[in-house]
Amino acid sequence: MKIADIVGGLVGILIGLYAIWEGTKMPTDVVMKIGPSFFPNFLAGFLILFSVVLVINAVRGKSKGTVEPMRLADKGVQRGLITLAASLVFCVILEPVGFIPSSIAFLAFMMVVMGKRKPIPILIAPPLITVSVWLVFEKILNLSMPAGLLADML
Amino acid sequence: MEFNWGLMFSSYAAVFTPGILFMICVGTTAGIVIGALPGLTATMGVALLVPLTFGRPPLESLSMLMGIYCGAMYGGAISAILIRTPGTPAAAATVMEGYPMAKRGEAGRAMAMALFASFFGGVVGAVIMTFASPFISSIALEFGPVEYFALAIFGLSVIISISGRSLIKGMMAGFFGLLISAIGFDPISGFPRFTFGMVEMMEGPPFIPTLIGLFAVSEVFNEVQKSGVTQQVKAKLDQYLPSWQDIKYCFRELCRSSIIGTVIGAIPGAGGDIAAFISYGEAKRASKNPERYGHGEIEGLAASECANNSCSGGAMIPLLSLGVPGDAVTAVLLGAFVIQGLQPGPMLYKEHIDIVYQIFASMMLAQFAMQFIGMAGIQLFARVIMVDRAILTPAIFVLSVVGAFAMRSNIFDVYTTLAFGILGYVMTRYDYPLSPILLALILGPMAEANLRRAMVISGGDPSILVSRPIAIGLMVLAVISLILSIRGHQKVEARMAEMEAQFEKAVAD
């Protein structure tokens, strides 16, 4: 956890410094004495303070807890990274391709990633889930989902 | 504000219609299912299902959400008893007595008591909520910007108590959340802050997509890394209600735990898990047979389940009367209220008093729905635990994306959900708690806007902040809460660690 805490603390310090730097570009208020930058500067100051404490604690070996290291050879980590990539692709293609095709493809792909090998569940579950969700949101709740490639059919 | 009995009866009449009862039952069933699935918390359940209420009338939506909340709090007990895995963090104490009971062939008895204790606690919590909220809101009606600022500071002072293991990381998460809440137009001058020039960021990160990301998508990333072995349930469930002897034996604990749970729930920041552990600890301390605890003592099971359900009524008190959420689930509920055009707090009592009483009524009816649905579906809910994770986990992601998109039909909200999902996963992995972010997102704008308004009134003189007695009282409470939280943090942590060690031992046995 030591290195993770040092990295976390440094990220906190950077975020705080960025907020203060952005604050310098905000106008000051002559009437109220405090302008738009007052609150963010105040918060950023405290974020930096606690981040520094975290880093100091970590350097002094006072970090709490343990964290399992991430190894690329680990199946779980591989699944996590594949899921991240698949989620990104799903979000990007959602509007141009449409909810129904992209959701079916995503669900089927993820079932395989998560260890499903039998073809029947992979063929049945994704369309069933997708169409159920689509019916509930589009037809019952009247909330529009991206139609994409199926715009003429739906 | 006096309690309005006439409005109470008319609210029950409004809720007691087939349409609303149906929504309560749908919500309760969904809540029990989500609560029963290990890894899916009540917070996640409400966040995930809030989009289902978009476009529905407020009463329908809120009734359903009350059902989800109550159902999910009970649902956690099912997997805790049957497969020694608490469905929600609030059910962790239930495992210690519930699973040993199931192991010696008393799963039906344990399930029946868990359901009844949840119902009992839920009813007591709902009754206290019904009578306490109007009283507190009547005081809050006098609030101006100074008092609201002090209230927000008091609310934020509890971040320490929800900081998990590391106080420093909890504070960092809180201040980070407050900085996120500063994104968008400045509340007084309208100057855009930290928007990176994006129009979508002008109003700050959208609340529902943000919390769906933090609580649902982050859990998906966490879940896919685990090996997908689904446990089988072999227990015989042949009892729907606890025996009269069991009720008599546990009655004292049921009463005590329901009060403890409601009071803990009403403290902003303290949730069902803390309520359950403290009630369980108190039950053990007061028991004539403490040596039976950890080996399937029904009294301990009743205490834990009763407390975590009564907590939901308690947590609604600050939400409805002050607009400050009592726990993470009520923070999500606050977002759902806002979507319906309702701002919880004293003004809700002034402008939508009918809705407030209808919420009281639906919360109460949700308890009865939970009891009946829990009994009727006991066999079905026990099977829910065995749902294939390879199908469920990706389906949760799809639902999260749909929920994020549905509110404004804006793809930016989907990216927000994904970004906060990744952030939530990283933070959880490295022990940064997520609840302080949620609290900060709600209380940050409230603190800043009222501070700035107070400054406008005083012409920039900060002494206005200590010019009103209620504000001074709240500030003093905030300071006391901070000191007690810091001093109590280690004590509670030590006690929770002790309980967890017992839990681990029970699991190992």
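The values are calculated or read from the model by the stated rules, or taken from the named source; none is laboratory data. Remember, predicted model here, so these are calculated numbers, not experimental data. All Cβ positions, even for glycine, are placed from backbone atoms using ideal geometry, and neighbour counts span all protein chains on display.
A few comments on the model shown:
- Of all residues making up the stretch B:429-469, the number that are under 30 Å from the mean Cα position of the chain (by Cα), of a type in the set (Val, Ile, Thr) and modelled with pLDDT under 85: 1
Every residue, every condition in (1) more than 9 Å from chain B (Cβ to nearest Cβ); (2) at pLDDT 90 or above; (3) crowded, with 19+ Cβ neighbours inside 10 Å; (4) assigned to a helix (DSSP H, G or I), yes or no:
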position: A:Leu107; (1), (2), (3), (4): no, yes, yes, yes
position: A:Met110; (1), (2), (3), (4): no, yes, yes, yes
position: A:Arg117; (1), (2), (3), (4): yes, no, no, no
position: A:Leu123; (1), (2), (3), (4): yes, yes, no, yes
position: A:Pro126; (1), (2), (3), (4): no, yes, yes, yes
position: A:Thr130; (1), (2), (3), (4): no, yes, yes, yes
position: A:Phe137; (1), (2), (3), (4): no, no, yes, yes
position: A:Leu143; (1), (2), (3), (4): no, no, yes, no
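Here's the yes/no breakdown for (1) more than 10 Å from every other protein chain (Cβ to nearest Cβ); (2) in contact with a Pro (Cβ under 6 Å, 6 or more places away or on another chain); (3) not in a loop (DSSP other than H, G, I, E, B):
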site: B:Phe381; (1), (2), (3): yes, no, yes
site: B:Ala395; (1), (2), (3): no, no, yes
site: B:Val398; (1), (2), (3): no, no, yes
site: B:Val402; (1), (2), (3): no, no, yes
site: B:Ala406; (1), (2), (3): no, yes, yes
site: B:Val414; (1), (2), (3): no, no, yes
site: B:Thr417; (1), (2), (3): no, yes, yes
site: B:Gly421; (1), (2), (3): no, no, yes
site: B:Gly424; (1), (2), (3): yes, no, yes
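- Residue match in the stretch B:498-505 (condition: more than 26 Å from B:Ile267 (Cβ to Cβ) and either modelled with pLDDT under 85 or within 14 Å of chain A (Cβ to nearest Cβ) (or both)): yes
- Lone qualifier among A:Val59, A:Val55 - being in contact with a Leu (Cβ under 8 Å, 6 or more places away or on another chain) and either more than 8 Å from every other protein chain (Cβ to nearest Cβ) or not charged (D, E, K, R) (or both): A:Val55
- Of all residues in the stretch B:115-126, none are within 24 Å of B:Tyr430 (Cβ to Cβ), surrounded by fewer than 23 Cβ atoms within 10 Å (Cβ to Cβ) and within 17 Å of the chain's Cα centre (by Cα).
- Test: residue in the stretch A:22-38 that is among the polar types (S, T, N, Q), in the same structural domain as A:Met111 (by TED's automatic domain parsing) and surrounded by 17 or more Cβ atoms within 10 Å (Cβ to Cβ): no
- Of all residue pairs spaced 6 or more apart or on separate chains, those with beta-carbon atoms under 6 Å, a first member in the stretch B:50-65 that is facing chain A (nearest Cβ under 8 Å) and a second member that is part of a helix (DSSP H, G or I) and of a type outside the set (A, V, I, L, M) are B:Pro51/B:Gly403.
- Tally, over the stretch B:349-366, of residues that are crowded, with 22+ Cβ neighbours inside 10 Å and at pLDDT below 85: 1
- Taking (1) farther than 20 Å from A:Phe46 by Cα; (2) buried (at least 23 other Cβ atoms within 10 Å of the Cβ) in turn, B:Gly444 satisfies each apart from (1).
- Within the stretch B:179-201, the set of residues being crowded, with 19+ Cβ neighbours inside 10 Å, over 28 Å from the mean Cα position of the chain (by Cα) and within 13 Å of B:Thr416 (Cα to Cα) is empty.
- For B:Gly313: the one exception among (1) at pLDDT 85 or above; (2) out of contact with any Gly (no Cβ under 6 Å at 6 or more places or on another chain): (2)
- Failed item, numbered, when A:Val7 is tested on (1) within 10 Å of chain B (Cβ to nearest Cβ); (2) aliphatic (A, V, I, L, M); (3) surrounded by 15 or more Cβ atoms within 10 Å (Cβ to Cβ); (4) under 26 Å from the mean Cα position of the chain (by Cα): (3)
- Residues satisfying the stated conditions in the stretch B:383-393, i.e. more than 10 Å from chain A (Cβ to nearest Cβ), surrounded by fewer than 20 Cβ atoms within 10 Å (Cβ to Cβ) and not in a helix (DSSP H, G or I): B:Met386, B:Val387
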